[in-house]
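The values are calculated or read from the model by the stated rules, or taken from the named source; none is laboratory data. All figures in this text were calculated on a predicted structure; none of them were measured in a lab. When we count neighbours, we look across all protein chains shown, and the Cβ atoms used for this are built from the backbone with ideal geometry, even at glycine. For accessibility, only protein heavy atoms count, side chains too; no ligands or nucleic acids. Shrake-Rupley method; radii C 1.70, N 1.55, O 1.52, S 1.80 Å.
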Amino acid sequence: MRSFVYRGLPAHVIFGSGSIARLADAIAEVGGSRALLLSTPQQSDMAREAVCGVHALAGHFDGAAMHTPVEVTERALEIVKAANADCLVAFGGGSTTGLGKAIALRTDLPQVVIPTTYAGSEMTPILGQTEHGVKTTLRNDKVLPELVLYDVDLTLGLPVALSGTSGINAIAHAVEGLYAQDTNPIMQMMAVEGIAALAKALPRIVDGPGDLDARGEALYGAWLCGIVLGAVGMALHHKLCHTLGGGFDLPHAETHTIILPHAVAYNAPAVPEAMVLLRGALGGGAPAQALYELGRAVGAPNSLKSIGMPEAGVDAAADQAVRNPYWNPRPIERAAIRALIARAWAGEPPEAAMAT
Ligand code: NAD
């Protein structure tokens, strides 16, 4: 007998190839006429070229950075004021979306987001910010973007390595959504569809980064996985990645890719129904092992040591992971969590006995 609560978040999504042509309408749709364009320095030219010809732009701030540092947000707020901006256009991955959300939190300006990775932040009311080296996360409806413009063409140049890890980062949202404490049938359907789309598309992108059809499937999957992240609570996997990423300054998408098979192996015995759904979405086999193989297929790093975590950090991370209690389908046991982190650090496959 099912029992659940379902609360959908408002979202206006435009998805397709060439949909950037609708940016001027999108800005008007959110009530803007003087938009501030946001990007990272790396995507500064790409962002400017993509929006060229749109008259409702009042300026460009290209200082977005990983983990949304508060000092960057403060600099951007000065440009918002100087440009007299009445809306935001965030062009890029989760870092740029994060900056747009941080500005929206402080100004209530409406946001148009043009995602160019698979991170999924554009579909969530969640904001992670860093101040004095400490990353904190908040949930607030003010930061949920009003309009998201997905243009598959803009993802064609996403480097293959980042495509693979960013896609598995998206899969991780949906995996934890399958067994979330507050999951519901709609989220499970979206999670299965999103995982399946990404798991099929990512190896095709490695073979042909310019394959528009594969890129379209990956972006579609990322959208669904982002909705799941925004709608239900996460568990061990996201907690571990937050701890490791913040504690050792590890790259976001790579950390998710390395940890996911191990987190699934840990939780699998406690969530057999979710594992049946996950096995189906991944095309068969033990889900934890299948996720490990997917990481290899896209050429992603498979060990925490290879992305810069010192071995001495294994114990510290295990201590941190058990320090603040949080919901997880399987109780958090320090010895087993330490073993999980040690395997991930060394790049070993997930625990076979549990990887069903
Ligand atoms: P990112 O935004 O940091 O992008 C990584 C690099 O790739 C940047 O230099 C960026 O400019 C570049 N890039 C992005 N798209 C490109 C493209 N199409 N072509 C060429 N270069 C491109 O990485 P990310 O993985 O998208 O986002 C990570 C951040 O997002 C983290 O800080 C994470 O915490 C946050 N995040 C937040 C949420 C949320 O709901 N709040 C969800 C997921 C991720």
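If the chain between LEU212 and GLU74 were fully stretched, how many nm would it gain, using 0.36 nm times the residue separation less the Cα-Cα distance? Could you put the intermediate results ahead of the total?
On the way: separation 138, 0.36 × 138 = 49.68 nm, distance 3.77 nm.
Net length gain for the segment: 45.9 nm.
Quick check: Cα centre of the range 49-99 to Cα centre of the range 1-41, how many Å?
16
Can you give the extra length, in nm with one decimal, that the chain gains between VAL13 and SER306 once fully stretched, where that is 0.36 nm per residue apart less the Cα-Cα distance? Don't skip to the end; give the middle numbers.
Values: separation 293, 0.36 × 293 = 105.48 nm, distance 3.74 nm.
Extra length available between VAL13 and SER306 comes to 101.7 nm.
I need the phi-derived Karplus couplings for the range 154-164: 6.51 cos²θ - 1.76 cosθ + 1.60, θ = phi - 60°, integer Hz, Gly and Pro marked x.
Here the 3J(HN,Hα) series is 6, 9, 4, x, 4, x, 4, 4, 6, 4, x Hz.
Show me the ranking of peptides 339-349, 65-75 by mean Cβ neighbours inside 10 Å, starting with the highest.
Details: 339-349: 18.9, 65-75: 17.2.
Top of the packing list down: 339-349, 65-75.
What does the extension gain come out to for ALA297 and ALA346, with contour length at 0.36 nm per residue minus their alpha carbon separation? Before the final figure, lay out the partial values.
Details: separation 49, 0.36 × 49 = 17.64 nm, distance 1.85 nm.
15.8 nm is the gain from fully extending ALA297 to ALA346.
Which net charge results when you count Lys and Arg as +1 and Asp and Glu as -1 among the other residues whose beta-carbon is under 12 Å from that of PRO350? Can you show the working numbers first?
Numbers: positive: ARG343; negative: GLU293, GLU348, GLU351.
That sum, taken over residues with Cβ under 12 Å, equals -2.
Can you pull a Stokes-Einstein diffusion coefficient for the chain at 20 °C (1.002 mPa s), Rh from Kirkwood over Cα pairs, as a whole number of µm²/s? Don't skip to the end; give the middle numbers.
Working: Rh = 20.4 Å.
Result for D is 105 µm²/s.
Taking Cα atoms, how many degrees apart are the long axis of helix 287-297 and the longest axis of the chain, rounded to 10 and kept between 0 and 90?
For 287-297 against the chain, the angle is about 60 degrees.
Semi-axes of the equivalent ellipsoid for the range 62-190, please: Cα gyration tensor eigenvalues, times 5, square-rooted, ordered largest first, whole Å. Let's see the in-between values first.
Values: eigenvalues 125, 62, 44 Å².
Its equivalent ellipsoid spans semi-axes of 25, 18, 15 Å.
Please give the helix 272-282 orientation as an angle from the longest Cα principal axis of the chain, in degrees from 0 to 90, rounded to the nearest 10.
60
For n ≥ 4 DSSP H runs only, could you compute -39500 (n - 2.57) per run for the chain, divide by its residues and tell me the 222 nm figure to the nearest 500?
-16000 deg cm²/dmol
If I ignore ligands, DNA and RNA and count only protein heavy atoms, how much of VAL298 is accessible to a 1.4 Å probe, in Å² to the nearest 10?
10
Going by alpha carbons, how many degrees (0 to 90, nearest 10) lie between the helix axis of 252-267 and the longest principal axis of the chain?
Orientation of helix 252-267: about 30 degrees from the principal axis.
Taking the Cβ of ILE186 as the center, what net charge do the other residues with Cβ under 15 Å away carry, scoring Lys and Arg +1 and Asp and Glu -1?
Working: positive: ARG2, ARG7; negative: ASP182, GLU193.
Once all neighbours under 15 Å are counted, the net charge is 0.
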